Amino acid sequence: MLTTFGFRNLAEKAIMRCQKLASLSEDAGGTRRTFLSAPVHDCHREVSSWMKALGMTVSVDAVGNLRGFYPGTSSGVPRILVGSHLDTVPNAGAFDGILGVVLAVGLVESLDGQKLPFGIEVIGFSEEEGVRFGVPFIGSRALVGRVDEELLGRKDEHGVSVRKAIQDFGLNPNEISKAALSADVLGHIEFHIEQGPVLETLGQPLGVVEAIVGQNRMEFAFSGQVNHAGTTPMNSRHDALAAAAEWIVAVERLAQRTKGLVATVGFIEAKPGAANVIAGEARATLDIRHASDRARTEAMDELIRQGESIAARRGVTLKARTLLAQRAVVMDPFLREQVKHAIQKAGCEPHRMASGAGHDAMILAEKIPAAIIFLRTPGGVSHDPSESVHLDDVAKALECGFHLLTQLATSQEFLGRTCRA
Ligand code: HGY
Ligand code: MN
Ligand code: MN
């Protein structure tokens, strides 16, 4: 087993690798790497080179997931997945998602050629954030058979469909079914930054995720009447943007007074978008989350009702469209327990917590046991270039991961599980 110094060296390499990958971007002045955009080719090349140097076999599946396999003691043994997503939000930090892929490679390296009674498939999901097409988890959805014609037909802001984006990247959308989980998968482990303030407030480096909150992603389209900004009296306007603005304040008010609810309007677009024209159209997004599915859907219904009443009062119409309805997901109890022990063996206090952020593990958990290990997020800031990690925490995460692999390798309960994929 590596010494603490050894894990620290691996951690330094992991942080450098994340920072290198952050430079592979669609934008000159910041990190943006969306679903199958050009820099993803460079990202695949870079991560593949690290995997191949460890003797892993590397492939890219039909939705652009990067998959590296480190074999177990024999060809007949099962496998585990370890990984996270390669894509980012616009103007992203350097660690959201990608740290989970880089740490997975680092864990294989920490084995130093040792083989386990299971193979390790390191996976870099092609799309978790939902930036390019408005719906998240395209990569992990392919593993559980949830990429359907509706999703393949969704278009980005340039009118390019998911199907065309896959073809433009040099992949074959007719082979998506081959991306499905293989029948020998015992479970999925995801390392991810917390992206919030909890671990930092507690002074803890690592956390055990017990559950991931459910989320809806929606589009609210207000349609009013375009008119002249100078000649139209205030009492005869049907201003779509003003209606949307009133509704956005109502969204914030409901979330502020509902315990455990977060609701965000992250994007709004007005048409025709001229300073001297009353907006006829206003399109806003809604991201709404709660640990309880019932509370989340009740809040969503209330926001649709409030939107409709605001629109009616203003002589504006509203169309609300659901882009994602993802229920809350509990992480696998056995793996959670194993993670807890591994964190303790790494000399840390295993803080149990929920995840307010969505993760690929919530999609895979539909089919296989899944667990997430959180790393402390300094300042609690994420989805921003100031997102960071502590070197010691990354070293602790690798040490925890090594203990976890060792525990699973000697657990008859785990190895004896029938794969559910
Ligand atoms: O938005 C999220 O929950 C995550 O960052 N994709
Ligand atoms: Mn993420
Ligand atoms: Mn994210």
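Some observations on this one:
- If the condition is being surrounded by fewer than 16 Cβ atoms within 10 Å (Cβ to Cβ) and either touching a residue at least 40 places away in the same chain (Cβ under 8 Å) or in a loop (DSSP other than H, G, I, E, B) (or both), then the range 27-45 contributes D27, A28, G29, G30, H41.
- Selected residue (criterion: nearest to H341 (Cα to Cα)) from residues of the range 368-410 that are among the charged types (D, E, K, R) and touching a strand residue (DSSP E or B) at 6+ places or on another chain (Cβ under 8 Å): K396
- Any pair with Cβ under 6 angstrom, 6 or more apart, that starts in the range 54-76 at a residue that is without any contact (Cβ under 8 Å) to a residue 60 or more places away in the chain and ends at one that is among the polar types (S, T, N, Q): V58/S48; R67/S59; F69/T57
- Any hit, the range 106-118, residues being within 16 Å of ligand 1 (Cβ to nearest atom), buried (at least 24 other Cβ atoms within 10 Å of the Cβ), under 22 Å from F374 (Cβ atoms) and not assigned by TED's automatic domain parsing to the domain that holds R283: no
- Selection status of S382, polar (S, T, N, Q), farther than 13 Å from V330 by Cα, more than 13 Å from ligand 1 (Cβ to nearest atom) and assigned by TED's automatic domain parsing to the domain that holds D184: no
Let's see how each residue does on (1) modelled with pLDDT under 95; (2) hydroxyl-bearing (S, T, Y); (3) under 22 Å from Q19 (Cα atoms):
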site: E129; (1), (2), (3): no, no, yes
site: G134; (1), (2), (3): yes, no, no
site: V144; (1), (2), (3): no, no, no
site: G170; (1), (2), (3): no, no, no
site: E175; (1), (2), (3): no, no, no
site: A183; (1), (2), (3): yes, no, no
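- Matching residues in the range 378-421 - criterion: being assigned to a helix (DSSP H, G or I), among the charged types (D, E, K, R) and closer than 25 Å to P197 by Cα: D392, D393, K396, E399
- Residue list for the range 359-379, filter: more than 27 Å from L186 (Cα to Cα) and within 14 Å of ligand 3 (Cβ to nearest atom): T377
- Selection status of E200, among the charged types (D, E, K, R), touching a residue at least 60 places away in the same chain (Cβ under 8 Å), closer than 25 Å to A325 by Cα and crowded, with 16+ Cβ neighbours inside 10 Å: no
- The sole residue among T285, T201, T231, T258 that is assigned by TED's automatic domain parsing to the domain that holds R132 and β-branched (V, I, T) is T201.
- The listed residue being surrounded by fewer than 24 Cβ atoms within 10 Å (Cβ to Cβ), assigned by TED's automatic domain parsing to the domain that holds E12 and within 16 Å of ligand 1 (Cβ to nearest atom), out of V144, V131: V131
- From I166, I248, residue being outside the structural domain of I373 (by TED's automatic domain parsing), out of contact with any strand residue (DSSP E or B) (no Cβ under 6 Å at 6 or more places or on another chain), crowded, with 17+ Cβ neighbours inside 10 Å and more than 30 Å from H341 (Cβ to Cβ): I248
- Screening V102, V135, V160, V89 for residues that are aliphatic (A, V, I, L, M) and more than 16 Å from ligand 3 (Cβ to nearest atom) leaves exactly one candidate, V160.
- Restricting the range 68-103 to residues that are out of contact with any Leu (no Cβ under 9 Å at 6 or more places or on another chain) and away from ligand 1 (no atom under 16 Å from the Cβ) leaves a set whose member that is nearest to G196 (Cα to Cα) is F69.
- Some residue of the range 361-371 being touching a Cys at 6+ places or on another chain (Cβ under 7 Å) and within 16 Å of ligand 2 (Cβ to nearest atom): no
- Long-range neighbours under 9 Å by Cβ, at least six apart or interchain, first residue over 14 Å from E190 (Cβ atoms) within the range 92-114, second at pLDDT below 95 and within 16 Å of ligand 2 (Cβ to nearest atom): none
The values are calculated or read from the model by the stated rules, or taken from the named source; none is laboratory data. What you see is a predicted model, and the numbers here were worked out from it, not measured in a lab. Virtual Cβ from ideal backbone geometry, glycine too; neighbours counted across all protein chains shown.
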